[in-house]
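Reviewing the structure listed below.
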Amino acid sequence: MIYTMIGSRDTPVSAQKVLIEFAYKAASKGFKGRSGAAKGADACLEEGVKRFIRESGSPRSLVECLQEVYIPWQGFSGKNKNRYGILCVEDFDNKNEGLSLAESLHPAWDKCSDAAKLLHGRNPYQILGKDLNSTSDFVVIWGVPESNQSPLVKGGTRTAMKLALDNSIPVYNTNTNTVEGLSKILNFFN
């Protein structure tokens, strides 16, 4: 099973704890997680996988089987490509296809800087995989809704979320005001 874990850089600590626990449990079941190496919700994937590796005594090389972390360029968030499941979109042969897909999903692409376009350009890979043809089974996010009328969230996560919804991939937004609501995602494994 493959899932995507993404979201706001401003994900509250309480929600991050739940996301880390989810990633840990997913790793223990052999699920592969995809993310984008940003602070906040994205970082929870790596933290949960690392904790599982450490606590289970598994070899560090297992990380590559449990995560795909897409970075827009070498050194983003201090990450080095081709190490422990870190993949650099800038080097992909299908980079232009990923960027075109991101452009088709973004409401104001022409207002994005080149760096912002590369950041959004990694989102299709988080949902569709390196080949842009291997969809995630579901998406776990923490994001702030654009409005009461829209299921989409604000910020860069919106691009990935829209792509998931367009592909009928279930999206679970863990943004809630109750501990019970945050904990629902952990019931996935029960």
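If a helix is a whole DSSP H run, which ones in the chain reach 15 Å or further along their own axis (Cα) and hold a mean Kyte-Doolittle hydropathy of at least -1.0?
13-28, 41-56, 95-105
Quantify how much of the Cα-Cα distance distribution of the range 108-151 extends past 13 Å, in percent.
Tail of P(r) above 13 Å: 68 percent of Cα pairs.
Roughly what % antiparallel, to the nearest 5, for the DSSP beta bridges in the chain?
5 percent
Could you work out the helix-only [θ] at 222 nm for the chain, with each DSSP H run of four or more residues adding -39,500 (n - 2.57) and the total divided by the number of residues, to the nearest 500 deg cm²/dmol?
After summing the helix terms and dividing by residue count, I get -11500 deg cm²/dmol.
Count neighbours as other Cβ atoms within 10 Å of each site's Cβ, and list the GluC sites (Glu not before Pro) in the range 43-100 that are DSSP loop with at most 16 such neighbours.
none
Any idea of the accessible area per residue across the chain, 1.4 Å probe, to the nearest Å²?
Per residue, the chain has an accessible area of 49 Å².
Return the sequence-ordered ³J(HN,Hα) values of the range 72-86 in whole Hz as given by the Karplus equation 6.51 cos²θ - 1.76 cosθ + 1.60 applied to θ = phi - 60°, using x for Gly and Pro.
Coupling constants for the range 72-86: x, 8, 4, x, 4, 6, x, 8, 10, 5, 6, 10, 6, x, 8 Hz.
Whole-Hz Karplus ³J(HN,Hα) for the range 138-151, in order, using 6.51 cos²θ - 1.76 cosθ + 1.60 and θ = phi - 60°, x for Gly and Pro?
Taking θ as phi minus 60°, the curve returns 6, 10, 10, 9, 10, x, 8, x, 4, 7, 5, 8, 10, x Hz for the range 138-151.
Can you give me the C-alpha center-to-center distance between the range 91-130 and the range 147-169, rounded to a whole angstrom?
Taking the Cα centre of the range 147-169 as reference, the centre of the range 91-130 is 15 Å away.
Taking only C-alpha pairs under 8 Å that are 6+ residues apart, what is the relative contact order of the chain in percent?
Once divided by the residue count of the chain, the mean separation gives 23 percent.
Could you tell me what percent of the accessible area of the chain is made up of carbon and sulfur, with a 1.4 Å probe and every protein chain present?
The C+S portion of the solvent-accessible surface of the chain is 47 percent.
The values are calculated or read from the model by the stated rules, or taken from the named source; none is laboratory data. Bear in mind that the values here come from a model prediction, so they are computed numbers and not experimental data. Because the Cβ atoms are built from the backbone with ideal geometry, glycine has one as well, and the counts that use them run over all protein chains shown. The area values use the complete protein model at the heavy-atom level, side chains included, leaving out ligands, DNA and RNA. Shrake-Rupley method; radii C 1.70, N 1.55, O 1.52, S 1.80 Å.
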